[in-house]
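Encoded as structure tokens, the structure appears first; notes follow it.
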Amino acid sequence: MLTASRLVERPAVDPLFRSAALTYGADVIGVILTGNLDNGTAGLLAIKDCGGITIVQNPNEALAPSMPLNALQHVAIDHCLALDEIGPFLMTATAPEAGDPDPPPLSADNNSSKRLLMIENEFADASRVSHDRLEEIGIASTSTCPECRSVLYKIRDERALRFRCQLGHGFSAKTLLQDLAAAREDTLWSAVRAVFEEAELARCLVQDSRFCDTHLASFLCELADRADAQIGQLRKVIASISDLIEPDDLETTTVNLPPRDTEVA
């Protein structure tokens, strides 16, 4: 079934982790490797809420450290491992002698988190979810969905900032920022195209003596010249705006990690 895109990709890692956590509970192991932005963080939170195990690649060795780093900053990660340690750990953790994992302790916070996950999962199974259900898990924001332009709701989960619209599009904070930056550039280029078309049509009218007297020709020439100047200004604005929403040297930044075999608070 073709569903609304979430976090740019379809399917996305967060819905995958969330649905797996709700279905298999403490039997799920979620692993986040190298990658850009903050995708995967909400999914690892879902796995933790359902009693599963969370693993991230050591961001200091990751080619693109953003995804594991964001997970470490927002989730009580169980294991932060080097890439060559992850495979052996998974073999040990899933061996028959390892036994079944203990279910998470029951608590009011845990029940609240599970209900939020269940409602969010409804968005993956339906093309439209009721407004009441959306308001139960989110608060209307001032932003609109880059995909469909409907109102985005800020999810009521203080651990990781994310948004969702009524048609099912979901965004982590950094992914939304990236999409809004792309929408801004598209809008500016649309303005350039509109002004260019105006200038071209004005010049065509000047060249057509049937529709243009001397006074009108002069006016249209001035209009075309002003349009050319505006195009130059718009191009300068576009060139001056960076598309980066993270430092371009993030991959060279060393991260101070917690002691081995301890959870991140």
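The values are calculated or read from the model by the stated rules, or taken from the named source; none is laboratory data. Predicted model, so just to flag it, every value in this text is computed and none were measured. With ideal geometry, Cβ positions are generated from the backbone for all residues, glycine too; neighbour counts draw on all protein chains shown.
Worth pointing out:
- Residues that are in a strand (DSSP E or B) and either of a type in the set (G, A, S) or at positive phi (or both), drawn from segment 169-194: G170, S172
- Qualifying helices (runs of 4 or more DSSP H) (wholly inside segment 30-93; at least 3 residues being within 17 Å of the chain's Cα centre (by Cα)): 41-49, 66-74
- Among the residues of segment 126-168, those that are of a type outside the set (K, R), more than 18 Å from A71 (Cα to Cα) and in a strand (DSSP E or B) comprise G138, I139, A140, S141, T142, S143, T144, V151, L152, Y153, C165.
- Options I119, I137: the member that is within 17 Å of P15 (Cα to Cα), more than 17 Å from the chain's Cα centre (by Cα) and surrounded by fewer than 20 Cβ atoms within 10 Å (Cβ to Cβ): I119
- Residue within segment 171-183 that is charged (D, E, K, R), at pLDDT below 90 and in contact with a helix residue (DSSP H, G or I) (Cβ under 7 Å, 6 or more places away or on another chain) present: no
- A Cβ distance below 7 Å, combined with a sequence gap of six or more or placement on separate chains, defines the contacts here; from segment 61-87, residues that are touching a residue at least 60 places away in the same chain (Cβ under 8 Å) and among the small types (G, A, S) reach residues that are surrounded by fewer than 18 Cβ atoms within 10 Å (Cβ to Cβ) and in a helix (DSSP H, G or I) in the pairs A64/E251; S66/L250.
- Between R162, R184, R156, the distinction of being loosely packed, with under 13 Cβ neighbours inside 10 Å and in contact (Cβ under 8 Å) with a residue 24 or more places away in the chain belongs to R156 only.
- The residues in segment 70-95 that are more than 19 Å from D157 (Cβ to Cβ) and aliphatic (A, V, I, L, M) can be counted, and the count is 8.
- Looking across segment 146-177, the residues that are touching a Cys at 6+ places or on another chain (Cβ under 6 Å) and within 20 Å of T41 (Cβ to Cβ) come down to L152, C165, H169.
- P59 meets each of the listed conditions (1) at pLDDT 95 or above; (2) surrounded by 23 or more Cβ atoms within 10 Å (Cβ to Cβ) apart from (1).
- Any chance C212 is at pLDDT 85 or above and surrounded by 15 or more Cβ atoms within 10 Å (Cβ to Cβ): no
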